[in-house]
1. Mind listing the phi-derived Karplus ³J(HN,Hα) values for segment 108-117, rounded to whole Hz, using 6.51, -1.76 and 1.60 with θ = phi - 60°, and x for any glycine or proline?
2. Given H placed 1.01 Å from N in the peptide plane, which residues other than close sequence neighbours of residue 281 have an amide H under 5 Å from its amide H?
3. Could you pull out every residue, at least 5 positions away or on a different chain, whose amide H is within less than 5 Å of the one on residue 255? Hs are placed 1.01 Å off N in the peptide plane, and Pro or chain starts have none.
4. Per-residue ellipticity at 222 nm for the chain, helices alone: DSSP H runs ≥ 4 residues times -39500 (n - 2.57), over residue total, nearest 500 deg cm²/dmol?
5. Roughly how many percent of the accessible protein surface of segment 5-164 is carbon and sulfur, given a 1.4 Å probe and a whole-percent answer?
6. Given an 8 Å cut-off on Cα distances and at least 6 residues of separation, report the relative contact order of segment 183-228 as a percent.
7. If ligands, DNA and RNA are left out, what is the accessible area of residue 114 with a 1.4 Å probe, given in Å² to the nearest 10?
8. For segment 189-231, which trypsin sites (Lys or Arg not before Pro) are in a loop by DSSP, counting at most 12 other Cβ atoms within 10 Å?
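The values are calculated or read from the model by the stated rules, or taken from the named source; none is laboratory data. Values in this document were obtained by computation on a predicted structure and should not be read as measured data. Please note: Cβ atoms are built from the backbone with ideal geometry, for glycine as well, and neighbour counts cover all protein chains shown. These accessible areas exclude ligands, DNA and RNA; they are computed on the full protein's heavy atoms, side chains included. Shrake-Rupley method; radii C 1.70, N 1.55, O 1.52, S 1.80 Å.
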Amino acid sequence: MKTLRPLQTIEKLENAAALDPIANKARDIVQAVIRPGALRDILHGVPIGHPLHPLMILVPTGTWFSAAILDAIPGSKKASAILIGTGVASAAPTALAGWTDWSEGQQQQLRVGIVHASANIIAVVLYSLSLIQRLRGKSGKLLSYTGLVVVSAGGFLGGHMSYRQALGANHNEDVPHRVAAGWHSIGALADLPDGKLEKRVLGEVPLVVFRQGSEVSVLSNTCSHLSGPLNEGEITYKDGNPCVVCPWHQSGFSLKTGEVVQGPATSPQHSFLTRVVAGTVEVSLPNAG
Ligand code: FES
């Protein structure tokens with residue numbers, strides 16, 4: 001089935017370089033305001049293991065859609081106004097989480113995202129004006145129905161960013177399906193330099209390997225955030241435990257467990273069990289195959 005013509009226009013947004021100046025400027029502002037740290041990690045969704053933004057959009061879109069239904073039912077004016085006000089109040093924190101994720105995206109994601117955000121800002125303005133009209137005893141329905149159309153268009157772009165462009169998706173998900181169950185050799189222990197990140201490949205799956213004496217830690221090498229190569233990252237220590245920091249957007253992962261110690265990544269890296277047999281390092285991924 002062919003993609004509908006208007007939707008092909010949306011695909012072209014990804015390559016609209018004319019959007020770069022404003023998108024890059026907005027990204028710089030977001031990155032300057034929301035600095036690395038606990039707040040940024042919360043906005044990314046690190047504590048819940050998934051991006052926070054998709055969860056939060058339920059409030060404004062849910063309340064606004066519900067208000068649209070109530071507006072079609074006589075006698076629901078007050079309830080509609082409460083729902084619209086709730087949606088307007090929730091828009092700022094929802095947008096903050098979205099801007100935070102977006103600011104760590106690739107250029108094509110930034111282009112679509114700046115249009116997505118613009119549509120949502122227009123929708124918030126329309127709903128705010130509708131609320132003002134309602135508080136003054138007027139209908140406000142035309143403004144809110146127009147807002148619903150605009151926020152739906154913005155939501156469609158958000159879906160494109162999430163599902164087509166995979167911003168927020170786990171870029172590491174396929175690893176257990178591409179690794180056979182059981183133990184596999186990845187080479188001699190003596191060939192691994194101590195205290196450095198090394199890349200090895202298991203079948204087609206790249207691994208990042210870190211040796212400390214006779215202890216070896218092995219993670220999938222493709223960063224769960226946007227596929228950065230972890231073996232080119234830096235080693236840091238958190239609470240005495242070695243971590244790797246992705247070279248692309250500085251997500252941090254524990255080398256021992258794969259857990260996220262710093263966003264923007266929200267999904268952990270796959271962590272392999274390791275053992276040394278007759279000088280050869282072997283790895284096994286729980287739940288592989
Ligand atoms: S690819 Fe973005 S932090 Fe690794």
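1. 5, 5, 4, 5, 5, x, 5, 6, 4, 5
2. Amide H neighbours of residue 281: 186, 187, 188, 189.
3. Residues meeting the amide H criterion: 243, 244.
4. Numbers: 9 runs with 126 residues, N = 289.
Roughly -14000 deg cm²/dmol at 222 nm, from the helical runs in the chain.
5. Working: 5970 of 8530 Å².
Summing carbon and sulfur atoms, their accessible area is 70 percent of the total for segment 5-164.
6. Working: 57 pairs, mean separation 12.4, N = 46.
Here the relative contact order equals 27 percent.
7. Approximately 10 Å² for this residue.
8. Values: sites: 196, 199, 200, 211; in loops: 196.
Sparse-neighbourhood loop trypsin sites (Lys or Arg not before Pro): 196.
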